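S.K.: Once you've had a glance at the structure underneath, I'll fire off some questions.
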Amino acid sequence: MHSLSERLSPWGWFSGGAAARGPRLAKADHPAFEADTAERGALSALSRPERVRRAFEEIPMSAREAAAVAALLDAPGATALELSRYCGWMDTGWRTQMLLLCQRRRRYFWPGGMAAGATNGAILNALTEYNSDALSFRPRGELTAILRQAVAAA
């Protein structure tokens, strides 16, 4: 029996074992991990919308990521549970997909590096605005058109 960490792929999802997983990749082998010093400076000079556009050009959305973002765009002001249901998922499915989406593109969203104690709320804040009174999410206004383009390209 393999331990949980052995059954997870390098990016955190379950795999079918060593044969299905293939060789382990170093962090540097995946484009989502932290940028090198030169790239960090170049990305830091870009505005948030420019970094988000580049992130989705270089790492296109998966079908699940596109579904999560489409739900956010189609139902702004909905709660995470409502957005999960909109996607046909249960419980925290929407939030999980959005967290994974942001994590995969973290070198673009946080070119200086993510804080060690970054909360899920801080991570989601890269693309969303959260209303703590209504417990609802909406896309960041300056990113709406970019998110629509990324969903359409998926």
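The values are calculated or read from the model by the stated rules, or taken from the named source; none is laboratory data. Fair warning: this is a prediction, and the values are worked out from it, not measured in the lab. In this analysis, Cβ positions are derived from the backbone assuming ideal geometry, glycine residues included, and neighbour counts consider all displayed protein chains. These accessible areas exclude ligands, DNA and RNA; they are computed on the full protein's heavy atoms, side chains included. Shrake-Rupley method; radii C 1.70, N 1.55, O 1.52, S 1.80 Å.
S.K.: Test THR37 against the stated conditions and say whether it is out of contact with any helix residue (DSSP H, G or I) (no Cβ under 6 Å at 6 or more places or on another chain), at pLDDT below 95 and among the polar types (S, T, N, Q). It would help to see each step written out before you state the result.
M.R.: Details: out of contact with any helix residue (DSSP H, G or I) (no Cβ under 6 Å at 6 or more places or on another chain): yes; at pLDDT below 95: yes; among the polar types (S, T, N, Q): yes.
The answer is yes for THR37.
S.K.: What number of residues in segment 115-154 are over 17 Å from ASP74 (Cβ atoms), under 14 Å from the mean Cα position of the chain (by Cα) and either open to solvent by 60 Å² or more (accessible area, probe 1.4 Å) or not aliphatic (A, V, I, L, M) (or both)?
M.R.: Qualifying residue count for the region: 4.
S.K.: For segment 109-127, enumerate the residues that are without any contact (Cβ under 8 Å) to a residue 24 or more places away in the chain and hydrophobic (A, V, I, L, M, F, W, C). Show your work before the answer.
M.R.: Residues of segment 109-127 that are without any contact (Cβ under 8 Å) to a residue 24 or more places away in the chain, as a first pass: 110, 114-119, 121-122, 125.
Result: TRP110, MET114, ALA115, ALA116, ALA118, ALA122.
S.K.: I'd like to know if segment 103-112 contains one or more residues that are within 19 Å of GLU57 (Cα to Cα), modelled with pLDDT under 95 and touching a Ser or Thr at 6+ places or on another chain (Cβ under 8 Å).
M.R.: The answer is yes; a qualifying residue exists.
S.K.: Follow-up question, since we're still on this one. So, MET90, is that one within 15 Å of ARG64 (Cβ to Cβ), within 12 Å of the chain's Cα centre (by Cα) and among the aliphatic types (A, V, I, L, M) or not? Quick ask: steps written out before the conclusion?
M.R.: Values: within 15 Å of ARG64 (Cβ to Cβ): yes; within 12 Å of the chain's Cα centre (by Cα): no; among the aliphatic types (A, V, I, L, M): yes.
Criteria not met by MET90.
S.K.: Any chance you could count how many residues in segment 73-98 are open to solvent by 30 Å² or more (accessible area, probe 1.4 Å), modelled with pLDDT of 95 or more, of a type in the set (A, V, I, L, M) and not in a helix (DSSP H, G or I)?
M.R.: So the answer is 0.
S.K.: Looking at segment 53-66, is at least one residue more than 24 Å from ARG40 (Cβ to Cβ), among the aliphatic types (A, V, I, L, M) and crowded, with 18+ Cβ neighbours inside 10 Å?
M.R.: yes
S.K.: Regarding TYR108, is this residue under 30 Å from ALA38 (Cβ atoms), hydroxyl-bearing (Ser, Thr, Tyr) and not in a loop (DSSP other than H, G, I, E, B)?
M.R.: Working: under 30 Å from ALA38 (Cβ atoms): yes; hydroxyl-bearing (Ser, Thr, Tyr): yes; not in a loop (DSSP other than H, G, I, E, B): yes.
Yes.
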